[in-house]
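The values are calculated or read from the model by the stated rules, or taken from the named source; none is laboratory data. Predicted model, so just to flag it, every value in this text is computed and none were measured. Heads up, the Cβs are rebuilt from the backbone with ideal geometry, glycines too, and the neighbour counts pull from every protein chain shown. Surface accessibility is based on the protein's heavy atoms, side chains included, excluding ligands, DNA and RNA. Shrake-Rupley method; radii C 1.70, N 1.55, O 1.52, S 1.80 Å.
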Amino acid sequence: AIKDDSREFELSSLTALSPLDGRYWGKVKDLAPYMSEYALIYFRVLVEIKWLLMLSQIPEVIEVPSFSAEAQSYLLGLIDGFSMDDALEVKKIERVTNHDVKAVEYFLKQKCQSQPEIAKVLEFFHFACTSEDINNLAHALMLKEAMTKVMFPTMDKLVEAICKLAKANASVSMLSRTHGQPASPTTLGKEMAIFAVRLSRERQEISQVEMMGKFAGAVGNYNAHIVAYPTVNWPQIAEQFVTSLGLKFNPYVTQIETHDYMAKLYYAIIRFNNILIDFDRDIWGYISLGYFKQITKAGEIGSSTMPHKVNPIDFENSEGNLGKANEDLTYLSMKLPISRWQRDLTDSTVLRNMGGGLGHSLLAYKSALQGIGKLQVNEARLSEDLNQAWEVLAEPIQTVMRRYGVPEPYEKLKELTRGRAVTKESIREFIEGLELPEEAKTHLLKLTPHSYVGAAVELAKTVDSAVNVINGSEVLETCR
């Protein structure tokens, strides 16, 4: 039996309940500065300090005079120099207060007692604020930084990798499969280009979501603000403050910011993830068909029992984590915009799980990138399938027959192809027997499953232009 001695099960990569904090920590730790408890405390500290600085700039709030450069520098230094030890100190205070935001206020009061100017106005830390004024801005800043610093760069690398895959294989002919059956040929590059463009479109949608914030007090009406300082235009001050943090101001709120923008953001990420699931499954299928080989590293094991196997584990890992991410993000999207009356506390505990959905997404993106890096196109296998699928030329032949008025073209090709083996010879014999102009007949005789790819080559070669039109010229420069 497993020992239950708690001393042997302190938090580590082996004892973490979430694999994001254990097995996969190395791949997702870039999110920790923005999505962790440390990050939440840091951004609460930032908001509290910035609010005190804002109060010092409001002429009517004479009790908080303008700070000297030295005092301002001291306050900003508390933000810039915020450390893990500081965060631990806040947590120590919280054990006494049993209130996480109040602990931040007390921490700042302690830190500022030694600075004469600030020591005189300590009670203006958290002035007229409800905890959610601090929290909603902290959460918005956490999301903004996580998306900007971690998620978008990884998304762009993924699109770039698929873009390069598309261009490198723009002219590699491939048998299409609709309903799992042989269909009109395409090129491998063009099929990859579709995913690059689709993902780019969703990445752009995600970047357009504005992180929003409120700062309107206990129920969104500036009640306490107006009683304390009736002549101050508090809605205007709140808007200035929120926008100064790089967020969009939400003027119509209850005690909490309504979280609608979060739902919009998470649903947009879900759409990006769904497209990547589609990509993962297609690549998995192409590997199964032998269209891709996978480059292995020395010593790597593909299967514990079958030495010949190289499993498509990166794409399977990516697909699995995308599903887990979407589950988390879906719940957040559905729950967060709903709060009873002027607020209930259900959002508070749920918001602590923001890192889960992003973490599983990030892990999935990195797994897909790793998998793409191992892919090696097997052109011989692609060519073999095309050589055995001459029946796909039935489509262009019957289309040309229609143009020149040959009766019942579809029916004639159906009789030739359905349920019968179609070869190069039988197709050529059929074309020779058609009553068509010689020029049209010559053109059809030149067609092969390899050459019947329409505009696929050009579509794949110009994928970077399509991607950059969507995202702007600054994105994916290296894909050119």
- Query: Here are Glu132, Glu123: which of them is more than 35 Å from the chain's Cα centre (by Cα) and either in a helix (DSSP H, G or I) or outside the structural domain of Met262 (by the TED database) (or both)?
  - Reply: Glu123
- Note on the structure: Scanning segment 330-347 for residues that are surrounded by 14 or more Cβ atoms within 10 Å (Cβ to Cβ) and in contact (Cβ under 8 Å) with a residue 24 or more places away in the chain gives Thr330, Leu332, Ser333, Leu336, Pro337, Ser339, Arg343, Asp347
- Within segment 215-238, is even one residue closer than 30 Å to Tyr266 by Cα, open to solvent by less than 30 Å² (accessible area, probe 1.4 Å) and under 19 Å from the mean Cα position of the chain (by Cα)? no
- Would you check if Thr243 is under 29 Å from Gln342 (Cβ atoms), without any contact (Cβ under 8 Å) to a residue 12 or more places away in the chain and β-branched (Val, Ile, Thr)? yes
- For segment 308-327, indicate whether the set of residues that are open to solvent by 10 Å² or more (accessible area, probe 1.4 Å), part of a loop (DSSP other than H, G, I, E, B) and touching a residue at least 60 places away in the same chain (Cβ under 8 Å) is non-empty. no
- Message: So, Val45, is that one part of a helix (DSSP H, G or I), touching a residue at least 60 places away in the same chain (Cβ under 8 Å) and within 25 Å of the chain's Cα centre (by Cα) or not?
- Response: no
- Query: When both residues are 6+ apart or on different chains and their Cβ atoms are under 6 Å apart, which pairs have a first residue that lies in segment 64-80 and is under 15 Å from Phe125 (Cβ atoms), and a second that is at pLDDT below 95 and outside any helix (DSSP H, G or I)?
  - Reply: none
- Query: Can you spot a residue in segment 47-68 that is in contact with a Lys or Arg (Cβ under 7 Å, 6 or more places away or on another chain) and surrounded by 19 or more Cβ atoms within 10 Å (Cβ to Cβ)?
  - Reply: no
- Task: Would you check if Val96 is β-branched (Val, Ile, Thr), outside the structural domain of Gln342 (by the TED database) and open to solvent by less than 40 Å² (accessible area, probe 1.4 Å)?
- Result: no
- Query: Is it fair to say Ala103 is open to solvent by less than 20 Å² (accessible area, probe 1.4 Å), in the same structural domain as Asp260 (by the TED database) and under 37 Å from the mean Cα position of the chain (by Cα)?
  - Reply: no
- Message: So Phe9 passes all but one of these: (1) more than 31 Å from the chain's Cα centre (by Cα); (2) surrounded by fewer than 12 Cβ atoms within 10 Å (Cβ to Cβ); (3) not assigned by the TED database to the domain that holds Lys120. Which condition number does it fail?
- Response: (2)
- Message: Among (1) touching a Leu at 6+ places or on another chain (Cβ under 7 Å); (2) at pLDDT 95 or above, there is one condition Pro182 misses while meeting the rest; what is its number?
- Response: (2)
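Quick grid of which residues meet (1) more than 22 Å from Tyr286 (Cα to Cα); (2) in the same structural domain as Gly189 (by the TED database); (3) open to solvent by 60 Å² or more (accessible area, probe 1.4 Å):
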position	(1), (2), (3)
Gln398	yes, no, no
Tyr404	yes, no, yes
Pro409	yes, no, no
Arg418	yes, no, yes
Glu425	yes, no, yes
Glu429	yes, no, yes
Leu434	yes, no, no
Ala455	no, no, yes
- Query: Could we say that Leu358 is in contact with a Pro (Cβ under 6 Å, 6 or more places away or on another chain), open to solvent by less than 20 Å² (accessible area, probe 1.4 Å) and in a helix (DSSP H, G or I) here?
  - Reply: no
- On the given criteria, is Arg95 without any contact (Cβ under 8 Å) to a residue 12 or more places away in the chain and in a helix (DSSP H, G or I)? yes
- Note on the structure: Of the residues in segment 168-214 that are assigned to a helix (DSSP H, G or I) and among the basic types (Lys, Arg), the one that is most open to solvent (accessible area, probe 1.4 Å) is Arg201
- Query: Looking at segment 454-477, is at least one residue over 30 Å from Ile206 (Cβ atoms) and touching a residue at least 40 places away in the same chain (Cβ under 8 Å)?
  - Reply: yes
- Query: Inside segment 364-414, can you point out the residues that are in a helix (DSSP H, G or I) and within 30 Å of Val150 (Cβ to Cβ)?
  - Reply: Ala364, Tyr365, Lys366, Ser367, Ala368, Leu369, Gln370, Gly371, Ile372, Gly373, Lys374
- Near pairs, Cβ below 9 angstrom, 6+ apart or cross-chain, from segment 220-232 (more than 18 Å from Phe249 (Cβ to Cβ)) to any residue that is surrounded by fewer than 16 Cβ atoms within 10 Å (Cβ to Cβ) and modelled with pLDDT of 95 or more: Tyr229/Glu60; Thr231/Glu60
- Checked segment 282-327 for anything at pLDDT 95 or above, more than 25 Å from Met155 (Cβ to Cβ) and aliphatic (A, V, I, L, M); matches are Leu289
- Message: Return the residues of segment 415-460 that are part of a loop (DSSP other than H, G, I, E, B) and farther than 15 Å from Pro396 by Cβ; say none if nothing qualifies.
- Response: Arg418, Gly419, Arg420, Ala421, Thr423, Gly433, Glu435, Pro437
- Message: Which residue is surrounded by the fewest Cβ atoms within 10 Å (Cβ to Cβ), if the candidates are limited to segment 76-93 and must be of a type in the set (A, V, I, L, M, F, W, C) and under 23 Å from Glu132 (Cβ atoms)?
- Response: Ile79
